[in-house]
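The values are calculated or read from the model by the stated rules, or taken from the named source; none is laboratory data. Keep in mind it's a predicted model, so treat the numbers as computed, not measured. Because the Cβ atoms are built from the backbone with ideal geometry, glycine has one as well, and the counts that use them run over all protein chains shown.
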Amino acid sequence: MSELLDLAQRVVRQAQALGAQEVVASVGKSISTTITRRDGKVEQATESTSRGLSFSVLVDNRFSSHGTSDLRPDAISEFIKQAIAATRILEQDPERALPEAPLCGRGATAAALDVLDSAYNARSAEARATDAELLEQTAEKANIPSVISRSSQVADGCSQTARVDSNGFSDTHEDAWFMWGAEATFQEGGKRPEVSSYFGARYLTDLPEPQKIAQQLEDRARERAGSKPIDSGSYPLILLNRATGKLLGAFGGPLAGSALHEQRSCLAGKLGSRVGSAKFTLLDDPTIPRGLASRPWDGEGLIARPFPVVSEGVLDSYYINVYYGRKLGMKPTTGGRSNWVIPPGDQSWEAIAKAYPKAILVDGFLGGNSNATSGDFSFGIRGALIEHGVRTQAISEMNVSGNLTDIFEKLVEIANDPYRYSSVVSPTLVFEDVRFSGT
Amino acid sequence: MSQHRSPTDWFGPFGIDAELAEKVLAAAAENGADDADLYFEHATTTSIGLSDRAVNRAHLSIDLGMGVRVVVGDQVGYAYTEDFDLESLLRAARVAAQIAHRGQKVVPVRATSRKISDFYPTQRHWADVDLVDRLPLVRNWEEWTFAEDPRVQKVQVSLADTDKHVLIVRLDGTMVADYRPMTRAMVGCTMIDGTQRETGHQNLASRVGLEYYTEERQRRMVKEAVQRASQALISESPPAGEMPVVLAAGSSGILLHEAIGHGMEADFNRKGISIYADKLGKRIAPADVTVVDDATVIGARGALNVDDEASPTEKTTLVENGILKTYLHDRISARHYGVDSTGSGRRESFRHPVLPRMRATYMEPGPHPPEDILKSVKNGLYCETFANGQVQIGAGDFAFYVRQGWLIEDGRLTKPVKDVNLIGNGPQVLESIEMVGNDLVIDEGGWTCGKDGQSVPVSQGMPTVKVAKLSVGGRR
């Protein structure tokens, strides 16, 4: 890590010597290994070690940013010269200046974030190979009728980052991740539907046992069988915990400072106003121990702090980085989300669903998009028709549509099952009167 | 700069030559290998952006590295390095070689260079264009956008270009180099009319140099961005449910990309996980439907002189008069099926192994004038511009997002619509193509295809086409 920090410091000094008033340099190194097995043998083994330098400069109030994987000292020196020269050609943009030093720093200690599993460095190539084989053998036991193909994957990696800002802030960060998963394809008439079960975690021991992955694969294949579209209409939407990221991600688009500044946000002017029902609370928390999007500081070096985005239906915060904060005259929060957390309710989604004669459970999406300016969204879905809490028909080839400015007004219940294997730590969400199109 | 220079010319200053490549390949094949290759890459990218009436941001980047692949049967070992010293290259080769356990080393053939096609002739390479020469372009685009309509309140403009050099050296002694330029331009605007506000964007992309930006092309890009914002202001969400759909000529090729293209990638088929895995030689569409994936479209974003494992590229006919003729092959799948590679082995960068991928996918023109196609629809949806799509390879279900279109009533375009997802099943939609227009357009947009975490530039095209029914995700 000291090697990375030394390089970042050197880049800052060189850029300043060439006339940059402000500089941020970040040097990263990442390692990852992936083993994919199919039909009882390794299908693909990939190992990578990657390094890179990125830096941004402010020269006479002119801004530019740069990146390179060519870390030969001479090449770096030449690249910095080119970057400074290119910056001088641009027009001034003084709002790009670095944040004031007191805003920068660490929001949680490395120990508190707990995102570096010591098991990572102790992990041998043999252990990975053994885990991959065990996972494949276990997944083979999943009872999937008419199965055509199965594959399994074991992957892990770590990354180190050193950051030096010319405003005096400098720090390092290190984390690791692990991922296990399996897939299967089965024959169903002329179709070959595929199902998968993947899990990611910061700690190896936080991943589920291979038996759970195999069981989930089996369950998903059974739940997927016979899928088809049903009648178009308005139904209650049961959005399964692991699928909430798509809708929440669309909601996050118009919260961005860039969208507000460019006048393309359907949520402009809504700060302090209702954007959802009283059930809707959304927190941004970069300090969750072992969180998949936990971090000590954000992309501008701002101290990572938890903050409410929406509290009981009222919009509390936009995502404002330093640049757009100056443009908009707003206090910066952070430029990009970390972990999103929706507090859980008391009941299982199955118990909640009993109240509905017919509802649509959505457990995954296919395509679709949203318009941050108008708020309109339209997503392809897969899932199931739920009648009084019981799955009665697998669903595919349908769309769900609505508007981001009112969909969360329709949020009526929140289940008790927060999803732990994602940076979107959300329980299953239940909405009423949502538009679906099918046959 | 010559397109057909000696392969080591570009990488020579980095110490890369045939002798060094031979040493690295020998390490890669030391445990035995059916195939092995080295992929050297050096890409420099420059982008500039304009907002708030100032050219106020620039980004320069350099990507340099080598990927090494060892193939044993259908098993792949892969590693890469960003250092070009012999020790780093050998270390990467030995990591990739761990996939092989035969213990019988294979000796590489000394590499000799091979000439390749020239599907992206370039007059003015981006490396020869000063940053200051790019500035008038983006300033003009901004000025023209504001001038186009007084309701335009905000304008964002960007111009990015890449000069990429690759050198591929194979175990069998093949060595090819390719210079791959790419440029991409984007104009976006926010338009406000009373309480209504909307945005419009247009982008262009091509494998070519600065000469691409003729005034006509630039002005067309600006007009389309403004027109899209203007149309969006008066557009509504269409009705929901199944209905006939007419796909406009051009970027509607996204339907082919999702409904057919991915399913034709041979890795999915040799594993039996594509819905088209048992359909070779069978009818999958009406006789008017011929679909190609073409690396030879001059200057297209998806054009390729040579693929990323040194196979010659071609125009590949996937579906001919409704019959499925071939899949898109890389070397592994070609060996599996006992056919020649179609030159479809591609990768995002030296950090990624090769996969069979699309290049420029389009449908050949059919017999019908587009106005006759429109007249044949009583009530339906006309799809004009698109954002993104996705497919489930095995189930065949696919979706694509329509940014803008029109309702069709009694054979005429009546009300503008926007922001709707369309979903269907690939083979069923192919069978339900009722009319193919005579007006093929290959879209100039900056399309990017994702697969297994890798993104590659592609092109797509389509004549006007009528599909009997698709599920429309409208709000009414």
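The table for this structure:
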read-out: Test set (1) surrounded by 23 or more Cβ atoms within 10 Å (Cβ to Cβ); (2) among the β-branched types (Val, Ile, Thr); (3) more than 22 Å from the chain's Cα centre (by Cα) - residue A:392 fails condition number; value: (1)
read-out: Failed criterion for residue B:98 (all others in (1) within 12 Å of chain A (Cβ to nearest Cβ); (2) closer than 30 Å to residue B:222 by Cβ; (3) among the polar types (S, T, N, Q) hold); value: (2)
read-out: Residue list for the stretch B:241-263, filter: away from every other protein chain (no Cβ under 12 Å) and more than 25 Å from residue B:368 (Cβ to Cβ); value: B:262
read-out: Total residues in the stretch A:360-385, condition at positive phi, within 7 Å of chain B (Cβ to nearest Cβ) and surrounded by fewer than 24 Cβ atoms within 10 Å (Cβ to Cβ); value: 0
read-out: Hey, residue B:96 in a loop (DSSP other than H, G, I, E, B), farther than 19 Å from residue B:16 by Cα and not hydroxyl-bearing (Ser, Thr, Tyr) or not; value: no
read-out: Residue ID - nearest to the other protein chains (Cβ to nearest Cβ), chosen from residues in the stretch A:128-150 that are under 18 Å from residue A:221 (Cα atoms) and of a type in the set (Ser, Thr, Tyr); value: A:149
read-out: The one condition in (1) assigned to a helix (DSSP H, G or I); (2) at the interface with chain A (Cβ under 9 Å from one of its Cβ atoms) that residue B:58 fails to fulfil; value: (1)
read-out: Selection status of residue A:386, out of contact with any helix residue (DSSP H, G or I) (no Cβ under 6 Å at 6 or more places or on another chain) and not assigned by TED's automatic domain parsing to the domain that holds residue A:173; value: no
read-out: Options B:220, B:170, B:207: the member that is under 23 Å from the mean Cα position of the chain (by Cα), at pLDDT 95 or above, surrounded by 22 or more Cβ atoms within 10 Å (Cβ to Cβ) and more than 14 Å from chain A (Cβ to nearest Cβ); value: B:207
read-out: Residue within the stretch B:38-47 that is more than 19 Å from residue B:24 (Cα to Cα), among the hydrophobic types (A, V, I, L, M, F, W, C) and not in a loop (DSSP other than H, G, I, E, B) present; value: yes
read-out: Per-region count, the stretch B:70-90, residues more than 15 Å from residue B:31 (Cβ to Cβ), facing another protein chain (nearest Cβ under 10 Å) and surrounded by fewer than 18 Cβ atoms within 10 Å (Cβ to Cβ); value: 2
read-out: Count of residues meeting criterion [within 23 Å of residue A:414 (Cα to Cα) and within 14 Å of chain B (Cβ to nearest Cβ)] in the stretch A:268-297; value: 0
read-out: Residues satisfying the stated conditions in the stretch B:411-457, i.e. in contact with a His (Cβ under 6 Å, 6 or more places away or on another chain) and over 24 Å from residue B:287 (Cα atoms); value: B:454
read-out: Residue within the stretch A:201-221 that is surrounded by 21 or more Cβ atoms within 10 Å (Cβ to Cβ), within 14 Å of chain B (Cβ to nearest Cβ) and over 27 Å from the mean Cα position of the chain (by Cα) present; value: no
read-out: Among residues of the stretch A:277-326, those that are without any contact (Cβ under 8 Å) to a residue 40 or more places away in the chain and either under 17 Å from the mean Cα position of the chain (by Cα) or at positive phi (or both), counted; value: 3
read-out: The listed residue being over 18 Å from residue B:291 (Cα atoms), of a type in the set (Val, Ile, Thr) and away from chain A (no Cβ under 14 Å), out of B:402, B:319, B:354, B:377; value: B:377
read-out: Unique match (being farther than 30 Å from residue A:402 by Cα and among the aliphatic types (A, V, I, L, M)) among A:293, A:304, A:278; value: A:304
read-out: Selected residue [in contact with a helix residue (DSSP H, G or I) (Cβ under 6 Å, 6 or more places away or on another chain), in contact (Cβ under 8 Å) with a residue 24 or more places away in the chain and either within 12 Å of chain A (Cβ to nearest Cβ) or β-branched (Val, Ile, Thr) (or both)] from B:437, B:461, B:473, B:396; value: B:396
read-out: Scan of the stretch B:311-342 for residues that are touching a residue at least 24 places away in the same chain (Cβ under 8 Å), surrounded by fewer than 21 Cβ atoms within 10 Å (Cβ to Cβ) and among the β-branched types (Val, Ile, Thr), ordered by number; value: B:317, B:323, B:326
read-out: Some residue of the stretch B:267-279 being away from chain A (no Cβ under 14 Å), surrounded by fewer than 24 Cβ atoms within 10 Å (Cβ to Cβ) and assigned to a loop (DSSP other than H, G, I, E, B); value: no
read-out: Residue that is surrounded by the most Cβ atoms within 10 Å (Cβ to Cβ) [pool: residues in the stretch A:398-418 that are within 13 Å of another protein chain (Cβ to nearest Cβ) and part of a loop (DSSP other than H, G, I, E, B)]; value: A:404
read-out: Condition met for residue B:26 (of a type outside the set (S, T, N, Q), within 9 Å of chain A (Cβ to nearest Cβ) and out of contact with any strand residue (DSSP E or B) (no Cβ under 9 Å at 6 or more places or on another chain)); value: no
read-out: Residue count, the stretch A:32-52 (criterion: in contact with a Gly (Cβ under 7 Å, 6 or more places away or on another chain), more than 9 Å from chain B (Cβ to nearest Cβ) and not hydroxyl-bearing (Ser, Thr, Tyr)); value: 0
read-out: Positions within the stretch B:133-142 being in contact with a helix residue (DSSP H, G or I) (Cβ under 9 Å, 6 or more places away or on another chain) and surrounded by fewer than 20 Cβ atoms within 10 Å (Cβ to Cβ), in sequence order; value: B:133, B:135, B:137, B:140
read-out: Criterion: more than 30 Å from residue B:239 (Cβ to Cβ), of a type in the set (Val, Ile, Thr) and more than 22 Å from the chain's Cα centre (by Cα) - qualifying residue of B:377, B:339, B:319, B:354; value: B:339
read-out: Hey, residue A:147 in the same structural domain as residue A:9 (by TED's automatic domain parsing), buried (at least 19 other Cβ atoms within 10 Å of the Cβ), more than 30 Å from residue A:20 (Cα to Cα) and among the hydrophobic types (A, V, I, L, M, F, W, C) or not; value: no
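Yes/no per residue for (1) within 25 Å of residue B:420 (Cβ to Cβ); (2) within 14 Å of chain B (Cβ to nearest Cβ); (3) assigned to a loop (DSSP other than H, G, I, E, B); (4) polar (S, T, N, Q):
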site	(1), (2), (3), (4)
A:396	yes, yes, no, yes
A:420	no, no, yes, no
A:431	yes, no, no, no
A:434	yes, yes, no, no
